[in-house]
Amino acid sequence: MKISIIIPTLNEEKKIGQCLEFLCPLADDDIEIIVVDSKETSDNTRRIVQSYKMTLLESPVSSRAFQMNLGAKHSKGEVLCFLHADVIPPKDFIEDIKKKIQSFDYGWFSYRFDRSSCLLSINAFFTRYNGLFAGGGDQIQFLKRAVFTELKGFDEAYVLMEDFDLTRRLKQSQFKGCIIKNDAIVSTRKYENNSYLKVNLINLYVFILFLRGVAPNRLREIYSRYLK
């Protein structure tokens, strides 16, 4: 079983090295790593990625949905795993995926943050359950290529919330999903320039608008306006 790990990037020089340092020792004939960097990247992301042994693609469009679809198009794996550059998977996540994909068609991982906080621990706790907010990109999404193809991948109209759109379609389908309770480590950088309350209120507001069918461009505009 070949697994393709696809990482979309845009100005990720501060985080991508740590992520690749973890992933590169795992790469072999059955594990391929593909970084899809936006053409709008203006830092050293590409140079850092090129120092590792993996596939680097340049995306003409700066959009996670487009970049992840591009990575999937160039990948060879029977299983696709989508990973954010600021997320470090649990040590044995490849074995977890191989085991679960025998019985399930898709899934995500629980996570915890890279610094200790009672409030952040509350957020992380809910990633262990398949609730309304399950399936965000920080949870490391994985699914069979056949499932990804049948659902036509990420909807590129979603310039924000592309992960939740795919999750919604997965949950509405006949395919079986799971959550692996083995925590990934997620960066708290979003909280460094914004308060805990502000981040969670804006996330909730945008998520409600998403459920109500507000246009993706409008969602991105709101998110970008209020969060640094």
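In table form, for the structure just shown:
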quantity: Complete set of residues in the stretch 32-41 that are of a type outside the set (A, V, I, L, M, F, W, C) and either surrounded by 17 or more Cβ atoms within 10 Å (Cβ to Cβ) or within 16 Å of LYS76 (Cβ to Cβ) (or both); calculated: GLU32, ASP37, SER38, THR41
quantity: Filtered residue count, the stretch 13-51, keeping only those that are in contact with a strand residue (DSSP E or B) (Cβ under 8 Å, 6 or more places away or on another chain) and either over 17 Å from GLU95 (Cα atoms) or among the charged types (D, E, K, R) (or both); calculated: 17
quantity: Cβ-Cβ under 9 Å pairs, at least 6 apart or on other chains, the stretch 124-145 side more than 14 Å from ILE180 (Cα to Cα), far side buried (at least 16 other Cβ atoms within 10 Å of the Cβ) and hydroxyl-bearing (Ser, Thr, Tyr); calculated: PHE133/THR127; LYS144/TYR106; ARG145/SER4; ARG145/SER75
quantity: Any hit, the stretch 75-92, residues being part of a helix (DSSP H, G or I) and not β-branched (Val, Ile, Thr); calculated: no
quantity: The stretch 196-221, subset β-branched (Val, Ile, Thr) and under 21 Å from the mean Cα position of the chain (by Cα), residue surrounded by the most Cβ atoms within 10 Å (Cβ to Cβ); calculated: VAL206
quantity: Residue list for the stretch 27-74, restricted to those being part of a helix (DSSP H, G or I) and more than 20 Å from ASP155 (Cα to Cα); calculated: THR45, ARG46, ARG47, ILE48, VAL49, GLN50
quantity: Residue match in the stretch 42-64 (condition: under 19 Å from VAL147 (Cα atoms), of a type outside the set (Asp, Glu) and open to solvent by less than 60 Å² (accessible area, probe 1.4 Å)); calculated: no
quantity: Selected residue (criterion: modelled with the lowest pLDDT) from residues of the stretch 179-228 that are over 23 Å from ALA85 (Cβ atoms) and in a loop (DSSP other than H, G, I, E, B); calculated: SER195
quantity: Residues of the stretch 125-158 classified as open to solvent by 40 Å² or more (accessible area, probe 1.4 Å) and not in a helix (DSSP H, G or I), total; calculated: 9
quantity: Complete set of residues in the stretch 15-27 that are more than 17 Å from the chain's Cα centre (by Cα), open to solvent by 50 Å² or more (accessible area, probe 1.4 Å) and farther than 18 Å from ASP96 by Cβ; calculated: GLU21
quantity: First in the stretch 67-92 and modelled with pLDDT under 95, second anywhere and in a helix (DSSP H, G or I), Cβ under 9 Å, 6 or more apart; calculated: LYS91/PHE22
quantity: Number of the condition not met by ASP86 [criteria: (1) surrounded by fewer than 19 Cβ atoms within 10 Å (Cβ to Cβ); (2) among the acidic types (Asp, Glu); (3) touching a strand residue (DSSP E or B) at 6+ places or on another chain (Cβ under 8 Å)]; calculated: (1)
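The values are calculated or read from the model by the stated rules, or taken from the named source; none is laboratory data. The shown structure was predicted, so the numbers you read here are calculated from the model rather than taken from an experiment. Note: ideal-geometry Cβ built from the backbone for every residue, glycine included; neighbour counts use all protein chains shown. Heads up: the accessible areas ignore ligands, DNA and RNA and are worked out on the full protein's heavy atoms, side chains in. Shrake-Rupley method; radii C 1.70, N 1.55, O 1.52, S 1.80 Å.
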